[in-house]
Each structure stands twice: as structure tokens, then as C-alpha cells.
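Undergrad: To start, I am sharing the structure in question, which I have written as C-alpha cells.
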4 protein chains.
Amino acid sequence: MTESNNNDHLVKSDDSQHPANLIPELCKKFWTLGWVTGTGGGASIRDDDLVYLAPSGVQKELMKPEDIYVLELSKQLDPKQRIYLRSPPSLKPSQCTPLFIAAFTKRGAGCCIHTHSQWAVLVTLLLESQSNKNLFEINNIEQIKGFGKGYQKQGALGYHDTLRIPVIENTPHEEDLTESLEVAMDKYPDTYAVLVRRHGVYVWGETVHKAKTQCESLDYLFQLAVEMKKLGLPWLSDIA
Amino acid sequence: MTESNNNDHLVKSDDSQHPANLIPELCKKFWTLGWVTGTGGGASIRDDDLVYLAPSGVQKELMKPEDIYVLELSKQLDPKQRIYLRSPPSLKPSQCTPLFIAAFTKRGAGCCIHTHSQWAVLVTLLLESQSNKNLFEINNIEQIKGFGKGYQKQGALGYHDTLRIPVIENTPHEEDLTESLEVAMDKYPDTYAVLVRRHGVYVWGETVHKAKTQCESLDYLFQLAVEMKKLGLPWLSDIA
Amino acid sequence: MTESNNNDHLVKSDDSQHPANLIPELCKKFWTLGWVTGTGGGASIRDDDLVYLAPSGVQKELMKPEDIYVLELSKQLDPKQRIYLRSPPSLKPSQCTPLFIAAFTKRGAGCCIHTHSQWAVLVTLLLESQSNKNLFEINNIEQIKGFGKGYQKQGALGYHDTLRIPVIENTPHEEDLTESLEVAMDKYPDTYAVLVRRHGVYVWGETVHKAKTQCESLDYLFQLAVEMKKLGLPWLSDIA
Amino acid sequence: MTESNNNDHLVKSDDSQHPANLIPELCKKFWTLGWVTGTGGGASIRDDDLVYLAPSGVQKELMKPEDIYVLELSKQLDPKQRIYLRSPPSLKPSQCTPLFIAAFTKRGAGCCIHTHSQWAVLVTLLLESQSNKNLFEINNIEQIKGFGKGYQKQGALGYHDTLRIPVIENTPHEEDLTESLEVAMDKYPDTYAVLVRRHGVYVWGETVHKAKTQCESLDYLFQLAVEMKKLGLPWLSDIA
């Protein structure tokens, strides 16, 4: 196999901000946060029509630019048949791919992150016994201001706004989450994240910066919510 | 725009102790401590009349000296109109600015740190249901000796002294905290910190060293206080 | 003693993937995860008939390639008498050796990791008061997919599968665990791990990659299980 | 002041194992473990008659060899008057000094570590309401084997042995702990550590290696003990 056939040039760049360099850098950081333990989780960056994806089943803190998959967003017409511009030899594409693509096509996201954060999983477990088990809600916490108001809207949520993150049920095969993820996106058009019960969370943003900082803010809120539950403190409060 | 016009020389120094080098270094450390997650929190250093400030909305662990704002403390006559000696292009000044300035002008602080530490937030939440919800108090813990006795006083608090940190209510816009922060400073003239309910904490000190180590000591005490609550242990005790 | 006599060449390699380089690298990482605190725990890699072992009693984050023991698997006929191809002077072989060897001989493992993770210990303590105290079971958590189906089987566990990890009782001398470890392996032929009550866990895999990522996934599940217990959430659930 | 007058040569060495290089290296590590937050805690190494000490009030993760104090153990005849071979200008000697010296003179220790670990503090708080509030006891946990049998004894504690760590009451001035620390050492001649209520712990060992790994093992057990308390699990159990 020659280099050009495999399109290796797509993942070779001296620019630290190139998606093929950024994804390994991000995943290394996410590993230290416990978000991508044991090959779980992943990340994808979209640059115009090109989508860069972390592969399946690799140690996320050891990933290298040459491990990155690349595809053209506009050419993914048949969801059952994925065509890659670049496939690293001896690796497998991530089952998260159709979910990342949903964020790119339905929300114009520039980056989508998937974590297995325990705080996310615990929040979905705590919700299971509640009346509205498919919606995480929290308000009156400053960190909520870390989220944008929503799709094609200007500005950020306010301190008194209620952050709402829909929860979808997990499925045995990750790609089968795509339909319910898209349903949740339709029902909550302004959300930047969808929780997956007993699994983790998908978070996106217009840019890498926004996806990452929204993911951090959300994980912060999930951890806070779990600690609040341990201490008997409610997630929603009535402050003028 | 020429370099001199933008006063880039104010943030260029080979000295690792220069405020424009120190602030990114500190914020990187604070990020690993979970204090400035998702662009939250910040830090400011005063060198005589010059005030150096972390910008708003940046990933705090990736900040660079050229991202730093600079202003002259003596020239900030109108709180509604902030004049910067140096504004990094394409960044926004921090909403924390007037709060940092309050610590500099009212207490002669040399550094002020703002964290979104979850331990700080949880302490303010736990206080909400208490009779005196606007004051965190703890005593008889060695780490209390990490705090100075107070404004223009010599020496440190003692082991038996009660550390008192006032709590102010959060507001939708961070700069609107300024007035209540100043009221809290007036009511507790010797405090080196003010908690903001459901938000975080502001901590200052005469020097970078003192602000940072007081912030660490306080975060230690907040975490300890939350764990004590989980274990049914009271924050105040009666030891001779 | 000459270098060739001591077989130092067995642990000298420029290849970062050589077992004598990998073991210190892994142990350094494990130390930051709290798995090998205070010289506890360890790791071993098998390369065909050669077995590389971390020594006993060293600070695991400071280990060097020259600290590694080497033996030939096929030559270990008498379990009471261990013959090393290479023994570092002034170090002692690990008491875990026969347990690592059990994973290599009975399961054809390529790597075996032993941690003292507190989450593993707490899980075994929580099980002590349960009717089936010798088996940790959890299901319907995505991270379960991080485990292979079992010895000589293809593919991974599914989301709805129940992960079962047997628990054996601790003994005063670590090598005395060997028999009960082997009994547990026989009873649960598809397990990739055995918990040791009040002690920790042994985890293996066909390759270093699989042993490490299965160990991470398991530690994730142990931590989650402890947090679930604190929050009153059951480890087993009935989801179609 | 000339360099020789200040005995700077005592802290200048290219050997990474020299005490003046080791202490900053250790303290940096301890800072990441939360043991020496906000200038709290410290460490001292004895090399024959020379004692090397971390100074008071410095950021422990930023300490440098030139910050180290040195004294001669045999020349410390009057506990009220400490004579230093080397005193760094503009720093203050640690109040822990007489406690470190107690470990060196009464137990022949080669290294003594003082942490403000929250797990240590929480253990002393949990003991306050117990009948025997001055003794932490735990047994049947593998990590107990991380401790030597005691002063001038060979070998390590066994799995079934009960680890006993005496607790002394805190005093406003740290040097005033010396007498009760020595009383506790006399009452528990085989202990390698003394807890200080609401303050932290002192841990020593014959070598740096032993002091550090015993300190790690102890902190592990303190954390485990706190988590056991949260989960309703007893510290002592009756296993044959």
C-alpha cells in the first residue's frame, strides 16, 4: 500500500491545531479525567466537509495521528455503508461514528465528544427511579453559564436558567443509538448533549473549544449533582 | 495594529515570575485541581499600579502570556467604563475584573484567585439550610493556620481560632457581585476570601504566594467540611 | 559478576514496547491511579516462553528496566523452586510470581496485572455480608463491553451480559493464593480476573493492551459499584 | 555573606539521591497527593549525623535544594535553641523540626514525613467519638504488610496483624507536640507513625524508601477506613 493510496497526508501536519493532532491530544487529557477509560469513549472533529475520528478499541491516552480515520461528510449517503477517505490499517472504525455524524449534520457541530464518565452514568442511574427519568435538570449553579443558549442562538445560558439534558436508553450496539439520539435532538433542539443511560454522554459544540469546555462544564455538573444527592440537596431550586 | 500600540511588551518577559508568565502557569495548575473547569474561574496579579488579568472564556490550562489583559489600577475611576492598557485581540475581558479590583483597592491585595471548586459550591449549598446561611465557620483544624490574621495584621490564625468566610448570593451577571462582595469585605474586614453561593469563591492575598496558598488551604477545608458532613461530624467544636 | 552471567541483555532494549521497558512504564501509570501504592501490586508480561516480572518491594513509579526479573515459563516445573534467567542484584522476586504464572499457563495470557485498588478491596468488603460473598456481579453497564467473552472465545461481552468476577479469600502469604486462584479459574473459565478479599485483584489478557484495558474497565466498574452502593443503587438490574 | 559561610555546598549535588535533591522531589510528589497543600506538611532526611529539612511556609511543589536547612543531630543539645549548619536566607525553619528529630534520635529513622492528608484528619475525627479515641486500629487488609514489625525488629507485619497507630492531641504550636509524640513513641515502641488529631500524621522509616512507602500505605489505609465508615464496614474483623 502506498502512502497516497491510504491518504496518510490527511493526518500529517505540523500544526498542533490540525484535527489529527488535536484528537490524540484531547483524548490523552480525557484519559486523565477518567472519561475514556479502557478504550471507552472517543472524539471527532469536523473541518468543513472532512470528519476526523478516533478509532475503536485503542488506548485513548496513547493514540497517534496515524490512528485517525477520515471521511467526507457529504458522501455518507447510506448510513449502513460508511466510506472512509482514510482507514488506518489494523484498526477498526468507532461505533460512535453515526452518532458523531448526527451532531455534525443535524447541528452543524465542529466537534463531538463521547465520554464514559462515571458521573454521567451515575446521574442516569439516579434518574431511573424518578418520575421523569429521561431528563436531567439542574438550575441555579454558575457553571450552567458554560453552555450556549442553543442551536443557531447567540449567547450563553444564564445562572437562573434550567439546563436540560435528555437521556436515551442504551442499546447493545452503539450505532443503534443513532435514531434515539436524533429523536432527542429533535425534541430538545437547543441541547448540546445527550446522556445515554448506564453508558455515558455525547457532547458537541460549534468548535473544538466549545465542545470541550461544554463537556467539562457538564461533567462538573454531573459530579456536583451526584455529590448533592449524597448530601440530600435537590438539583432544582426556586431562587428568583 | 503595531506591537507597541497594543502594548505587547507588557506581557513579554523572560522572567518566570512576571505576572504574564505566572498567571498561565497558575491557571494550568488550577485546572488540574478542578478549580477552573470549562473556562470558569480565573486569576489576577497586581504589580504596583499594573493589574494583569486572565481573559474570559478561554481554556484556562492552555492560556498564554499574550492572552493577558493589563490595566492601571489608579486609572479605573468609572466602574462602568474599564480602560485597558493592553487588550488581546479577539478575546473578551473577564467579568471578574471589578471583583479582583475590589481586593486590590480595598485590601491592597497583590493577587486574587477565583475558583469554581465544587467543594466551595457544596459548602454554600449545605449552608443554605442552616440558620446562619451567610457564614462558613470551622475551627480546631490545623490547616486554619494557613491564613493570615487579617488586613494589615501580623501573623497567622491559630489552631483554636474560628475561620469565618462570608457567603454572598450569586447574581446573573458576575460584575453585579461587586457591591455585595465589598459589603462582605466591610463586614468581615479580616477575611481573605468570600464565598459566592452556588458559584465558587474569591480568595486573595498580599502576594501571589499568599493568595495561592490561602486558596489551597481554603479548598482543603471546604473539601474536609463536605466529607465531615457526609460522616456526621460538626464543623465547629469546643476544644480548649 | 559479569553482564552476560546476569543476562542483563534480556532487559536492555531500545524498543519502547519491549517488556522490560513496558513494565516500568505501566507501573508508573498504575501508581498515579492508586493501584500500586506503597510497593503493593505489580505486573508481568510474557513474550513466548519468557516471563518478565516486576520485583517485590520497590517503589513502583520509580522502577527501571534493570529491576526486572526474567524466567522461562517451560522450565518452572517445581512450584517450590523458582529458577530465574535474570535476577537483579539486591532485589527480591515478587510473591505474585506463581499467580502470574497461573494466568500464563492456564489461560495463555500475555500479561497479568495485580492491583491493590481500593475500589477492588471495597467491593470485596461489601460482598462479605451478602449471600453469595464469593462473586461480584454487575450488568447493564456499557463498560462491561470492555471484556472479552472468555478463554479461547471470540468477541466481547454485551451490554446486557452479566460480568462475573470470582472472589477468593486472602492468605497471609501471597503465593498461597495460587491454589484458590486456580480453583476460581476452573470454576469460572471465562473470567479474566479474580478478586482477592481485602487485598485487590488479578487481571490478565492475551496481550498487554487487553490486560491493561480490561484492568481499567474493571477498576471503573468497581468504583462505580462502590458509588452505586453509597447511593442505594443495585448492581444487578432487569433490563430487556 | 559568602557561599562557604552559608554552607551552600551542603545542598549542592549532582546526585539525584542527595537529600537536598530528594526532599524537593518528594514534596512535589506529595503535593500532587494532597499531603502538603498550602505550605502544610513537610519532610526531613537524615544522613548519618546530618539532618536535611524542608523550610516552613513555602509552596512545597516549588521547593528547591537551596531552600533546605541542614543541622547536625549530635549538636542539638538544647531543644529550645536550634543550631543550623545551613539556614537559607529569607526563609524560616520548620516548626516540625523537633518532631522529626524525635524520630531520628529515638528510633534511628533515616527519614520522617509529615502530611496534612485529609484522610488522616478524618480518621482522627471519626475516632473522637469512640471509646478508645487515641488509637487507630485496622486489621485483615493486605496493605498492612507495607509496615515493618517495629523498631529494631526484622520483617513486616502480617495480613492478620492489627496495625495500631496512636493519636495525640493537637497543640496551638507545632513544636509543643514533641513531648506527647515522644510519649506515644514510648507507649507504642513499634509504631512507625503517630496521628495528630485534626492535624495530620508523622510517618518515619529507616530509609527514605521505607518512610515514603509506609506513608503511602498508611494514607491508603486511612482513605480506605474513611470509605469503610461511609459504607458501614468495621475497621476490625475477626478472620482466622
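Undergrad: Say a label goes 7 Å from Cα toward Cβ at residue C:7 in every copy; what distances in nm does this one have to the rest, shortest first?
TA: Shortest to longest, the spacings are 4.9, 4.9, 6.9 nm.
Undergrad: OK, next. Evaluate the protein assembly as shown: find the radius of gyration of its Cα atoms, find its Kirkwood radius, and give the ratio Rg to Rh. Present the calculation step by step, with values, prior to reporting the outcome.
TA: Working: Rg = 28.5 Å, Rh = 29.8 Å.
Rounded to two decimals, Rg over Rh is 0.96.
Undergrad: Next question, about the same structure. Give me, ordered by chain and number, the residues 5 or more places off residue C:135 or on other chains with an amide H under 5 Å from its own placed amide H.
TA: Amide H neighbours of residue C:135: C:167.
Undergrad: If I compute solvent accessible area with a 1.4 Å probe over the protein chains, what percent of it on the protein assembly as shown is carbon and sulfur?
TA: Numbers: 18830 of 38320 Å².
On the protein assembly as shown, the fraction of accessible area on carbon and sulfur atoms equals 49 percent.
Undergrad: Still on this structure, I have one more. Counting only DSSP beta bridges with both residues in chain C, what percent are antiparallel, rounded to the nearest 5?
TA: Working: 30 of 32 bridges.
Once the DSSP bridges in chain C are tallied, antiparallel ones form about 95 percent.
Undergrad: Continuing with this model, one more query. Lys/Arg Cβ at +1, Asp/Glu Cβ at -1, dipole of the range A:8-230 taken about the Cα centre: which of A:93, A:39, A:105 is farthest positive-ward?
TA: Among A:93, A:39, A:105, the one farthest towards the positive end of the dipole of the range A:8-230 is A:39.
Undergrad: Let me ask you something else. Distance cut-off 30 Å, Cα to Cα: go down the list A:29/C:60; A:133/C:229; B:145/D:230; B:29/C:92; A:149/B:60; A:230/C:210 and report the pairs above it. Don't skip to the end; give the middle numbers.
TA: Details: A:29/C:60 23 Å; A:133/C:229 20 Å; B:145/D:230 28 Å; B:29/C:92 38 Å; A:149/B:60 22 Å; A:230/C:210 35 Å.
Where the Cα-Cα span goes over 30 Å, the pairs concerned are B:29/C:92; A:230/C:210.
Undergrad: Across peptide A:55-62, what mean number of C-beta atoms from other chains lies inside 10 Å of a residue's C-beta?
TA: Numbers: counts 0, 0, 5, 2, 5, 1, 1, 2.
If you average over the peptide's residues, the count of other-chain Cβ atoms is 2.
Undergrad: Moving to a separate point now. For residue C:49, what charge total do you get from the other residues with a beta carbon under 13 Å from its beta carbon, if Lys and Arg give +1 and Asp and Glu give -1? List each step's numbers first, then the result.
TA: Values: positive: C:46, C:75; negative: C:47, C:48, C:72.
For residues surrounding residue C:49, the net value is -1.
Undergrad: Just counting partner chain Cβ atoms within 10 Å, what average do the residues of peptide B:21-33 show around their Cβ?
TA: Working: counts 0, 0, 0, 0, 0, 0, 0, 0, 2, 0, 2, 3, 3.
That average works out to 1.
Undergrad: Which whole-number value in Å² is the accessible area per residue of chain B, probe 1.4 Å? Before the final figure, lay out each step's value.
TA: Numbers: 9570 Å² over 240 residues.
Accessible surface, normalised per residue, equals 40 Å².
Undergrad: Now for a different question. Which lysines, if any, have their Cα less than 19 Å from the Cα of residue A:75, not counting same-chain residues under 8 positions apart?
TA: By straight Cα distance, residue A:75 reaches A:106.
Undergrad: Need the list of aspartates and glutamates near residue D:187 for cross-linking: C-alpha distance under 17 angstrom, and skip anything on the same chain fewer than eight residues off.
TA: Answer for residue D:187, where 17 Å is the Cα cut-off: D:137, D:169, D:179, listed by chain and number.
Undergrad: Also, I was wondering about something else. With just the Cα atoms defining each centre, how far is the range A:184-203 from the range A:3-78? Give it in Å.
TA: 22
Undergrad: For residue C:237, list long-range residues whose amide hydrogen, built 1.01 Å from N in the peptide plane, is under 5 Å from its own amide hydrogen.
TA: Those qualifying (amide H under 5 Å, at least 5 residues apart or on another chain) are C:139.
Undergrad: Roughly how compact is the range B:8-230, stated as its Cα Rg over 2.2 N^0.38 Å to two decimals?
TA: On the way: Rg = 16.6 Å, N = 223, 2.2 N^0.38 = 17.2 Å.
Ratio of Rg to 2.2 N^0.38 Å for the range B:8-230: 0.97.
Undergrad: Taking the axis that carries chain A onto chain B, what is the nearest Cβ in chain A, and at how many Å, to the whole number?
TA: Looking at chain A's Cβ atoms against the axis toward B, the nearest is A:230, 4.
Undergrad: Using the Karplus curve 6.51 cos²θ - 1.76 cosθ + 1.60 with θ = phi - 60°, what ³J(HN,Hα) values do you get for each residue of the range A:19-25, in whole Hz, with x for Gly and Pro?
TA: Running phi through 6.51 cos²θ - 1.76 cosθ + 1.60 with θ = phi - 60° gives x, 5, 8, 5, 4, x, 4 Hz.
Undergrad: Per residue of the range D:129-137, what does 6.51 cos²θ - 1.76 cosθ + 1.60 with θ = phi - 60° give for ³J(HN,Hα)? Whole Hz please, x for Gly and Pro, Karplus curve as stated.
TA: With the stated coefficients, the range D:129-137 comes to 8, 9, 4, 9, 7, 9, 8, 8, 10 Hz.
Undergrad: Now a separate question. Tell me the total accessible area that B and A bury against each other, 1.4 angstrom probe, in square angstrom rounded to 100. Numbers along the way, then the final one.
TA: Values: alone 11860 and 11890 Å², together 21450 Å².
Chains B and A together bury roughly 2300 Å² of accessible area.
Undergrad: As a test of the formula, what do you get for chain C when each DSSP H run with n ≥ 4 contributes -39,500 (n - 2.57) and the sum is divided by the residue count, at 222 nm and rounded to the nearest 500 deg cm²/dmol? Before the final figure, lay out each step's value.
TA: Numbers: 5 runs with 68 residues, N = 240.
Rounded to the nearest 500, the figure is -9000 deg cm²/dmol.
Undergrad: Return one number: the angle in degrees, 0 to 90 and rounded to the nearest 10, between the long axis of the Cα atoms of helix A:97-107 and the longest principal axis of the Cα atoms of chain A.
TA: Between helix and principal axis, roughly 70 degrees.
Undergrad: Using the Cα centre of chain D as the reference point, and only Cβ charges (+1 on K/R, -1 on D/E), how large is the resulting charge dipole? Debye, rounded to the nearest 20.
TA: Numbers: 25 positive and 30 negative charges, 73 e Å.
Charge dipole, chain D, about its Cα centre: 360 debye, nearest 20.
Undergrad: Could you pull out the chymotrypsin sites (Phe, Trp or Tyr not before Pro) across the range D:149-192 that fall in loop regions by DSSP (anything but H, G, I, E, B) with no more than 16 other Cβ atoms inside 10 Å? Write out the running numbers ahead of the final one.
TA: Numbers: sites: D:151, D:159, D:192; in loops: D:151, D:159, D:192.
Answer by residue number: D:151.
Undergrad: So what does residue D:28 come to for accessible area, using a 1.4 Å probe and Å² rounded to 10?
TA: So the heavy atoms of residue D:28 present about 120 Å² to solvent.
Undergrad: So, one more: Using θ = phi - 60° and the Karplus form 6.51 cos²θ - 1.76 cosθ + 1.60, what ³J(HN,Hα) does each residue of the range D:213-228 get, whole Hz, x for Gly and Pro?
TA: Karplus values, whole Hz, x for Gly and Pro: 6, 5, 5, 5, 4, 5, 4, 4, 5, 5, 4, 4, 5, 5, 5, 4.
Undergrad: OK, next. Name the residues of the range B:198-215 whose accessible area, probed at 1.4 Å, falls by at least 10 Å² once all protein chains are in place instead of their chain on its own?
TA: At a threshold of 10 Å² (probe 1.4 Å), the residues of the range B:198-215 that become less exposed are B:198, B:199, B:209, B:212, B:213.
Undergrad: If each label sits 7 angstrom from Cα along the C-beta direction, how far apart, in nm, is residue C:90 from its counterparts in the other copies?
TA: Distances to the matching label points in the other copies: 3.9, 3.9, 5.6 nm.
Undergrad: Under the convention of a label 7 Å out along Cα→Cβ, give the distances in nm from residue C:49 to the same position in every other copy, shortest first.
TA: 5.8, 5.8, 8.3
Undergrad: Please give the average number of partner chain Cβ atoms lying within 10 Å of the Cβ of each residue in A:89-100, rounded to a whole number.
TA: Numbers: counts 0, 0, 0, 0, 0, 0, 1, 0, 0, 0, 0, 0.
Mean number of neighbouring Cβ atoms from other chains: 0.
Undergrad: Relative contact order for the range D:4-143: what percent, with Cα pairs under 8 Å and sequence separation of 6 or more? Write down the numbers at each step before the final one.
TA: Details: 207 pairs, mean separation 33.3, N = 140.
It comes to 24 percent, rounded to a whole number.
Undergrad: Restricting to the protein assembly as shown, what percent of DSSP beta bridges are antiparallel, rounded to 5? List each step's numbers first, then the result.
TA: On the way: 117 of 125 bridges.
So the antiparallel bridges in the protein assembly as shown amount to around 95 percent.
The values are calculated or read from the model by the stated rules, or taken from the named source; none is laboratory data. Owing to the predicted nature of the structure, the values given are computational and were not obtained by experimental measurement. Glycine gets a Cβ as well: all are built from the backbone with ideal geometry, and neighbour counts include every protein chain shown. Side chains included, ligands, DNA and RNA excluded: accessible areas come from the protein's heavy atoms. Shrake-Rupley method; radii C 1.70, N 1.55, O 1.52, S 1.80 Å.
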